[in-house]
1. Report the calculated FRET efficiency for Trp194 and Ile30 (r = Cβ-Cβ distance, R0 = 22 Å), to the nearest 0.05.
2. For the chain, modelled as a GNM with alpha-carbon contacts under 10 angstrom, which of Val166, Val101, Val143 fluctuates the most?
3. Considering every Cα-Cα pair within the chain, what fraction, in whole percent, is farther apart than 21 Å?
4. Counting C-alpha atoms alone, how compact is region 115-156: give Rg to one decimal and Dmax as a whole number, in angstrom.
5. Subtract the Cα-Cα distance of Asn144 and Ser48 from 0.36 nm times their separation in residues, and report this length gain in nm to one decimal.
6. To the nearest 0.05, how large is the calculated FRET efficiency for Lys55 and Phe179 if R₀ is 22 Å and r is the Cβ-Cβ distance?
7. In debye, nearest 20, what is the charge dipole magnitude of the chain about its Cα centre with +1 on Lys and Arg Cβ and -1 on Asp and Glu Cβ, if you could check?
8. Can you compute the charge dipole magnitude of region 35-139 about its Cα centre, using +1 on each Lys and Arg Cβ and -1 on each Asp and Glu Cβ, nothing else charged? Give it in debye, rounded to the nearest 20.
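Here, each number is a calculation from the coordinates, and none is a lab measurement. Worth saying up front: this structure is predicted, and the values here are computed from it rather than measured. Glycine gets a Cβ as well: all are built from the backbone with ideal geometry, and neighbour counts include every protein chain shown.
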Amino acid sequence: MSTEPNLINSNKKPLALFEEWFEEAKKTEINDPNAMNLATISSNGKPSSRIVLLKSFDKNGFIFYSNSNSKKGKAIKENKSVALNFHWKSLQRQIRIEGNVSLISSKQADDYYNTRPLGSRIGAWASLQSEELDDRSTLKKRVNDFEIKFKSKNIPRPSHWNGYIVKPELIEFWQEMPFRLHDRVEYKKVSENWVVRKLFP
Ligand SMILES: Cc1cc2nc3c(=O)[nH]c(=O)nc-3n(C[C@H](O)[C@H](O)[C@H](O)COP(=O)(O)O)c2cc1C
């Protein structure tokens, strides 16, 4: 089996392997190689998932941004356990990440918010993410109102718009192989060390 091409290089540390695969996905995916599924669990134990964008990552974790008053924001307040999933169709690869999520610092969130286009910064104020919207005109009006409010002024980051970091405890790399004999490598954090093992497909 070890002579098969495309087998996952499990000699690498998981972050280095993630980086290698992510760089390849950036070259091959048509859209949003940084799109990842984020699964959360609500206070009553119900799972929910949606796509968010990975904005940065390092040894401390994987960072995305969102509205803390949204459905996911409320779930995260109640339960820090989350899961991420990348599926890169062009590479026939999947990466699953499980861990705990926490807020990044206000300074780091401010720094990123300030790099966003004007329309996106206004949008963060205008959108009451996940709340009922009676009509799209209400959203347009809110955009317009905040444009007027912040006209020729610095737009501060709304306190409800935050960065989140997922600290991984488990990372699984999955590579499609012929006849569904896929290659799977799981890295699990055990007392600050990564324990690696292969899994049956
Ligand atoms: C490609 C893509 C990227 C997205 N990126 C984000 C993101 O980075 N942050 C975010 O809050 N929502 C993002 N969304 C929207 C979410 O999927 C979701 O609709 C929204 O966050 C509300 O989710 P919630 O009601 O579960 O909180 C993205 C959607 C898609 C399809």
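1. On the way: r = 32 Å, r/R0 = 1.45.
After rounding, the FRET efficiency stands at 0.10.
2. Val143
3. Numbers: 11910 of 20100 pairs.
So the pairs more than 21 Å apart make up 59 percent of the total in the chain.
4. Gyration radius and largest Cα-Cα distance of region 115-156: 10.6, 31 Å.
5. Working: separation 96, 0.36 × 96 = 34.56 nm, distance 3.17 nm.
Stretched out fully, the Asn144 to Ser48 stretch lengthens by 31.4 nm.
6. Numbers: r = 37 Å, r/R0 = 1.70.
Working from the Cβ atoms, E equals 0.05.
7. Values: 34 positive and 24 negative charges, 104 e Å.
Rounded to the nearest 20 debye, it is 500 debye.
8. Values: 16 positive and 9 negative charges, 77 e Å.
The dipole of region 35-139 has a size of about 360 debye.
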